[in-house]
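Structure first, then comments.
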């Protein structure tokens, strides 16, 4: 009965694969991150706005957001080699200033 609600709305229900028991936990972590870092802090106006914000967050999440399991690197960007010299840091705002990316200026 629960799945019928989604099916009538045109949403395909995907069951957790028996070969991947952690699949549900990984998705819950991802959805939780989106809620805490994005949706709880911004007012979504319509579906187009939601899609735009989620696309920008996806880029931030995969290319910049550091992960403890990767020694503070992101999945699509390797951690740069440490530098002993004075480093200038630049801040770039994402999602209208809600999220911030910090990069080293060469």
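Multiply the residue gap between residue 3 and residue 103 by 0.36 nm, knock off their C-alpha separation, and tell me the result in nm, one decimal place. Extra length available between residue 3 and residue 103 comes to 31.6 nm.
At a 10 Å Cβ-Cβ cut-off, how would you order 43, 98, fewest neighbours first? Ordered by Cβ neighbours within 10 Å, fewest first: 43, 98.
Ranked by the mean number of other Cβ atoms within 10 Å of their residues, highest first, the peptides 25-34, 10-19 come out as 25-34, 10-19.
Laboratory data are not the source of any read-out in this text; all were calculated from the coordinates shown. Given the structure is predicted, the values throughout are model-derived calculations rather than measurements. Cβ coordinates were reconstructed from backbone atoms using ideal geometry, including for glycine residues, and neighbour counts include every protein chain displayed.
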